[in-house]
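Engineer: What follows is a single structure, and I will ask about it in a moment.
The values are calculated or read from the model by the stated rules, or taken from the named source; none is laboratory data. Everything quoted here is computed from the prediction, not taken from an experiment. Neighbour counts run over all protein chains shown; Cβ positions are idealised from the backbone, glycine included. For accessibility, only protein heavy atoms count, side chains too; no ligands or nucleic acids. Shrake-Rupley method; radii C 1.70, N 1.55, O 1.52, S 1.80 Å.
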Amino acid sequence: MKKYALLLLLATACNSSETITTTTVEEAASRVLEYTPAPGQFINNRQAGFPTDTPITTPEAAVAYAQARLALGGDPDFGAETASYGYVSLGGWGGYIVLGFDTPVSNTGDYDLYVSGNSFSGSSEPGIVWVAQDANGDGSHVGETWYELKGSEYANPKTRLGYEVTYVEQADGTVAWTDNDGGKGSIDRVFLHTQSYVPAWVQPLTYSGTRLPDNVLFDQETGIYDMTSFAWGYVDNASTIDGAGTKNRFKISNAVDADGNPANLQQIDFVKIQTGVNCKAGGNVGEISTEVCAVGCYRTVTQTE
């Protein structure tokens, strides 16, 4: 498990020559537990490392694919691109990935988690982070209670809690969607990506969670679609507050329950990252789909020498 030192503090123990070294390190999540993307242009796509000779058709194979893509160095069995850039796409709104840690991650009140994406100024595809505890003690996230990490848009009147979308693939390859607000739309074909956009291992294609406000603006002067960032609290989001390059950082202390009350979690074992925006851009940009490159936590390690 790769760890990176971030901060080094030295202290000399009282009445001894011992030196106490306190180091904050980054620790990658240990395993992918579930990979359930929504339909999108990078699903089943060779560019995203999907195999072309043996298509993914089971949840187990999907987990193996995502695990390899997020592992350092990748796995050439899932495409040559994997070794140089191991991102996974979560597809359109509602698509998600679940990861677990070998050791619970403590709530320090500061930044406890990080997720790297591929955002940059004018190109943010915000995803929401959820956390859960292994209350059953079986190492599985199934049946556990999920808590949303509140971000800057949580109280925005345009944010929709308890949102649900169902997708249906059409004969021409587009994917239509309907939601529980009576809305409808589509994930359109992008000419560069000709494969099926639907994950064959996911049935039914119904997703639930929180919908963030649309973030796509069209600049009439430049003819460019601007995928704007939110202030803080989201993955694949070019934030100047919690962002560090393409990395966004998160506090477990921001976890809230289904009623919006502080969850007051002492620690967590599982992280779920979910595409939070349900909109698209023209100019062959396509749907807004959160991409994930790395997931991990911060830990403090103390040594006496």
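Engineer: Out of the DSSP beta bridges found with both residues in the stretch 106-195, what percent are antiparallel (nearest 5)?
Structural biologist: 100
Engineer: Over the chain, give the accessible area per residue in Å² for a 1.4 Å probe, as an integer.
Structural biologist: 46
Engineer: Compute the length gained on full extension between residue 54 and residue 186: take 0.36 nm times their separation in residues and subtract their Cα-Cα distance, giving the result in nm to one decimal.
Structural biologist: In short, 44.7 nm is gained.
Engineer: Residue 118 to residue 18: FRET efficiency via 1/(1 + (r/R0)^6), r the Cβ-Cβ distance, R0 41 Å, to the nearest 0.05?
Structural biologist: My answer for the efficiency is 0.40.
Engineer: Same structure again: Please list 3J(HN,Hα) in residue order for the stretch 186-201, calculated via the Karplus relation 6.51 cos²θ - 1.76 cosθ + 1.60 where θ = phi - 60°; whole Hz, with x for glycine and proline.
Structural biologist: Using θ = phi - 60°, the values come out as 8, 9, 8, 5, 10, 4, 6, 10, 9, 6, 5, 8, 9, x, 5, 8 Hz.
Engineer: Just to make sure I understand: if all protein chains stay in place, what is the order of 297, 279 by accessible area at 1.4 Å, largest first?
Structural biologist: 279, 297
Engineer: If I fit a long axis through the Cα atoms of helix 59-70 and take the longest principal axis of the Cα atoms of the chain, what angle between them do I get, 0 to 90°, rounded to 10?
Structural biologist: With both axes taken from Cα atoms, the answer is about 60 degrees.
Engineer: P(r) for the chain: what percent of alpha-carbon pairs falls in each 20 Å bin, starting at zero?
Structural biologist: 33, 56, 10, 1
Engineer: Ignoring ligands, DNA and RNA, what percent of the accessible area of the stretch 190-236 is carbon or sulfur (1.4 Å)?
Structural biologist: 55
Engineer: Once phi is turned into ³J(HN,Hα) by the Karplus curve 6.51 cos²θ - 1.76 cosθ + 1.60 with θ = phi - 60°, what whole-Hz value does each residue of the stretch 108-119 show in order, with x for glycine and proline?
Structural biologist: Along the stretch 108-119, the couplings run 9, x, 10, 5, 10, 10, 9, 9, 9, x, 10, 6 Hz.
Engineer: A further question on this structure: Please report, in cubic angstrom per residue, the volume enclosed by the convex hull of the alpha-carbon atoms of the stretch 150-240.
Structural biologist: Per residue, the Cα convex hull of the stretch 150-240 comes to 162 Å³.
Engineer: So, one more: Could you give the nm distance between label points at residue 206 and residue 169, where each point is 7 Å from its Cα heading toward the beta carbon?
Structural biologist: The modelled label-to-label distance comes out at 2.0 nm.
Engineer: Which number gives the lysine pairs in the chain that have C-alpha atoms under 20 Å apart and are eight or more places apart or on different chains?
Structural biologist: 12
Engineer: What are the semi-axes of the equivalent ellipsoid of the stretch 96-195, taken as the square roots of 5 times the eigenvalues of the Cα gyration tensor, listed largest first and rounded to whole Å?
Structural biologist: They are 31, 18, 17 Å, listed from largest to smallest.
Engineer: Bins of 5 Å, beginning at zero and ending with the bin holding the largest distance: percent of Cα pairs per bin for the stretch 201-304, please.
Structural biologist: Each 5 Å bin holds this share of Cα pairs: 2, 9, 15, 19, 19, 15, 9, 5, 3, 2, 1, 0, 0.
Engineer: So what's the net charge close to residue 104: Lys and Arg +1, Asp and Glu -1, counting the other residues with Cβ under 10 Å from its Cβ?
Structural biologist: -3
Engineer: Roughly how big is the stretch 252-299's charge dipole about its Cα centre, with Cβ charges of +1 (Lys, Arg) and -1 (Asp, Glu), in debye to the nearest 20?
Structural biologist: The dipole of the stretch 252-299 has a size of about 140 debye.
Engineer: Further question: Check which residues have an amide H placed less than 5 Å from residue 30's amide H, if you skip close sequence neighbours.
Structural biologist: For residue 30, the qualifying residues are 100, 101, 102.
Engineer: Just name one of 202, 32, 88: the one whose Cα is farthest towards the positive end of the charge dipole of the chain (beta-carbon charges, Lys/Arg +1, Asp/Glu -1).
Structural biologist: 88
Engineer: Along the charge dipole of the stretch 232-305, pointing to its positive end and built from +1/-1 on Cβ of Lys, Arg, Asp and Glu, which listed residue (237, 270, 254) has its Cα farthest out?
Structural biologist: Checking the options against the dipole of the stretch 232-305, the answer is 237.
Engineer: What's the magnitude of the charge dipole for the chain around its Cα centre, counting Lys and Arg as +1 and Asp and Glu as -1 at the beta-carbon? Answer in Debye, nearest 20.
Structural biologist: Here the chain has a charge dipole of around 220 debye.
Engineer: Roughly how many Å is it from the Cα centre of the stretch 128-194 to that of the stretch 250-282, as a whole number?
Structural biologist: So the two Cα centres are separated by 12 Å.
Engineer: Share of antiparallel DSSP beta bridges in the chain, in percent to the nearest 5?
Structural biologist: 95
Engineer: Right, here's the next one. Please name whichever of 68, 120, 285 sits farthest to the positive end of the charge dipole of the chain, dipole taken about the Cα centre and charges placed at Cβ: Lys and Arg +1, Asp and Glu -1.
Structural biologist: Ranked along the dipole, the leading option is 120.
Engineer: Mind listing the phi-derived Karplus ³J(HN,Hα) values for the stretch 233-241, rounded to whole Hz, using 6.51, -1.76 and 1.60 with θ = phi - 60°, and x for any glycine or proline?
Structural biologist: So the J values, rounded to whole Hz, are x, 9, 7, 6, 9, 6, 8, 8, 9.
Engineer: For the chain, what is the mean residue ellipticity at 222 nm derived from helices alone (per DSSP H run of n ≥ 4: -39500 (n - 2.57); sum divided by total residues; nearest 500 deg cm²/dmol)?
Structural biologist: -1000 deg cm²/dmol
Engineer: Sticking with this one: Build a GNM of the chain with springs between Cα atoms under 10 Å: which of 108, 290, 228 gets the top mean-square fluctuation?
Structural biologist: 108
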